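The structure under discussion appears below in the form of C-alpha cells.
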Amino acid sequence: MTTGRALFLLDAVAILLVWPVLLHFGCWGQECFGPTPDGLAAALYPAADLVSLYALGLYRRDALIQTRESLGRVPLAVSLGAVGVAVLSSALGVWVGSPLNRVRLFSGAVLGFCLSGLIARLIFSGLKRRGAFSRRLLVMGAGTQAWDLFCMLRNEGNHPQYRMQFVTQEEFGPVDPRLTAALGEGIELVQDTDVLTAAQRYDPDEIVVAPDDRRGVPLDMLLACKKEGYPVSQYLTFLEHEIRRVDIRRVEVSWLLYSSGFYFGTLDNALKRMLDVGVSLVLLLLFSPFLLAACIAIKLDDGGPILYSQERVTRNGRPFNIYKMRTMRTDAESNGAVWAQARDPRITKAGHFLRQTRIDEMPQLFNVLRGDMSLVGPRPERPKFIAELAEKLPLYQERHMVKAGLTGWAQINYPYGASLDDARSKLSYDLYYVKNFSILFDLLILLQTLRVVLWPSGAR
C-alpha cells in the first residue's frame, strides 16, 4: 500500500468516528442523519471532504513529507468540500429542513472535518517518524542505473523513506562512485549462490533487478528468491509503479512491448467521450460570466482580437486548429514560432491574469466538443515543435496514441516548461498516461487539476 492510500484510510476512519458524533450532538434532538433529504445532504459531506482533500493534492508525496504545509491546507480543502455540498444540495432541492439546521450541518462539517483531518495527519506523521511507511529494497546492481534508481526514489517515490541495500557482482559492471559515497557500507559484493542468502539476511519487501549489464544476472537464484516469497521486479517496471512515470533515458521498446498497458477498450473510449461532452457543457455554462469578462478585458487592453487559433496536433498525428483567448501582442510571432518564456515580454497585461487563472484555455472546451481534443490527455504541440522533438526524443510520437487534452498527467505533475529537458520530463508522464489509460485515471486527473488552478506555479 502506498503512503497516500494509507493516509486516505486514516482520513476515512477519522471521519467515520467524528461525523456521527457531531451529528448526534449538533442537531439538538433533530433527525439529521437518516432516510430524509437532510440526511442525504449529511451523508454527502464526508464523501465531498475526501474528494476535496484528494483534489487539493493532500495525498501527494510533497504533502506527505511536508507535514506543516499539509496541515495548513486542510481547512481550505474542508471548506471547499463543504461549500460544494451546500451549493449542490440547494441547487438540487435536497435541503428541506430549517435554515438553522442547514447551518448546523455546514458548521459541523467544517469544524469536524478540520479536526479529523488534522488528527489523521498528526497520527500519520508520528507513524512516519517511527518508520511505519518505509520500504525495504534489495537492489541487484550498483552501477549508474542503480544510482539513478536511488536518486529517483529519494526524490519522487511513493514512500517517504526507502531502506535500500545494494548487492552486485563483477559481471554487472563497475560500482558507481556516487553510490559508494552516498551509502558507504551499503554495497555488498556477492556470488550467484549468495543472492538468496542476502535476501534472507536483509528480508526486503521487494528485490529490484537493476544492473548496468544484465548478462550476468543469476536468473535461477532470483527464481529461488521469488519462490521463497520475495517479489522480484525489473528496473523499469518497478520504477514506473513507484514514481508513476516512465524513465525515458532507459526505456526499451521490448519492455513496452511485453509489459501491460496501451489498452483502449470500447467502453472506456465511450465513457471518455461522454465525460468530455458532459463536463465541457457544464463548465461552459458555469464560467460563461468569466469568459465574458475576459473578452471585455482583452478588448480594453489593446483593442486587438479576443481569440486566436493555432495549428496543433492530436491523436494519430492529425492537425487541427486550437482556440485560445489571446494573451500576447498581435505581433508576438512576427519572426516565427518560438517557445514561451518566463516573464515573456510579449504577454499583455490582461494576458498575465488569464494565464495564471487558466481562463485563456477555456475556449478549448469547444475543441473538446468538436472531438479534436479530450478533457484529459497530452497537451497538443505545434507541428514545428513536434518535428524537432521527435528527432531528439525517442518514442515522442507515441504520445499521439490518444487525443490531446485540456489537462493531463504531465500538467498536474510538472510545471510549465519550454526546453528540450522539460519536454523529455513531460514525455515521461505522457507515456505513463498513455500506457495506463482508463476512465478512472481521467477522473483522478480532473480532480487534481483543481490544485493546479489554485496554485498555478509555472504558468506562462
Taking the condition closer than 22 Å to Leu420 by Cα, out of contact with any strand residue (DSSP E or B) (no Cβ under 6 Å at 6 or more places or on another chain) and modelled with pLDDT of 80 or more, does Gly336 pass? no
Could you list, in sequence order, the residues of the stretch 1-16 that are over 16 Å from Leu56 (Cα atoms), out of contact with any Asp or Glu (no Cβ under 8 Å at 6 or more places or on another chain) and part of a helix (DSSP H, G or I)? Thr3, Ala6, Leu9, Leu10, Ala12, Val13, Ala14, Leu16
Leu406 surrounded by 19 or more Cβ atoms within 10 Å (Cβ to Cβ) and at pLDDT below 90: no
Single match in Val208, Val175, Val167 (criterion: assigned to a loop (DSSP other than H, G, I, E, B) and buried (at least 16 other Cβ atoms within 10 Å of the Cβ)): Val175
Looking at Phe133, Phe113, Phe124, can you tell me which residue is under 17 Å from Leu9 (Cα atoms) and in a loop (DSSP other than H, G, I, E, B)? Phe133
Residue check: is Phe133 closer than 27 Å to Val246 by Cα, of a type in the set (Phe, Trp, Tyr), in contact with an Asp or Glu (Cβ under 7 Å, 6 or more places away or on another chain) and in contact (Cβ under 8 Å) with a residue 40 or more places away in the chain? no
Against the condition of a type in the set (A, V, I, L, M) and either touching a residue at least 40 places away in the same chain (Cβ under 8 Å) or in the same structural domain as Ala63 (by TED's automatic domain parsing) (or both), how does Leu183 come out, does it pass? no
Residue set Leu76, Leu58; condition modelled with pLDDT of 90 or more, aliphatic (A, V, I, L, M) and either farther than 30 Å from Leu127 by Cα or not in a helix (DSSP H, G or I) (or both); output residue Leu58
Looking only at the stretch 414-430, filter to residues that are under 10 Å from Arg245 (Cβ atoms) and touching a Pro at 6+ places or on another chain (Cβ under 9 Å); which one of those is surrounded by the most Cβ atoms within 10 Å (Cβ to Cβ)? Asp430
State all residues of the stretch 260-290 that are out of contact with any helix residue (DSSP H, G or I) (no Cβ under 6 Å at 6 or more places or on another chain) and assigned to a loop (DSSP other than H, G, I, E, B); if no residue qualifies, say none. Ser260, Tyr263, Phe264, Gly265, Phe287
Select from the stretch 44-75 the residues that are touching a residue at least 60 places away in the same chain (Cβ under 8 Å) and among the aliphatic types (A, V, I, L, M) and list them in ascending order. Val51, Leu53, Ala55, Leu56, Leu64, Ile65
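The values are calculated or read from the model by the stated rules, or taken from the named source; none is laboratory data. Keep in mind the model is a prediction, meaning the values are calculated, not measured. Ideal geometry is used to build each Cβ from the backbone, glycine not excepted, and the neighbour counts take in all protein chains shown.
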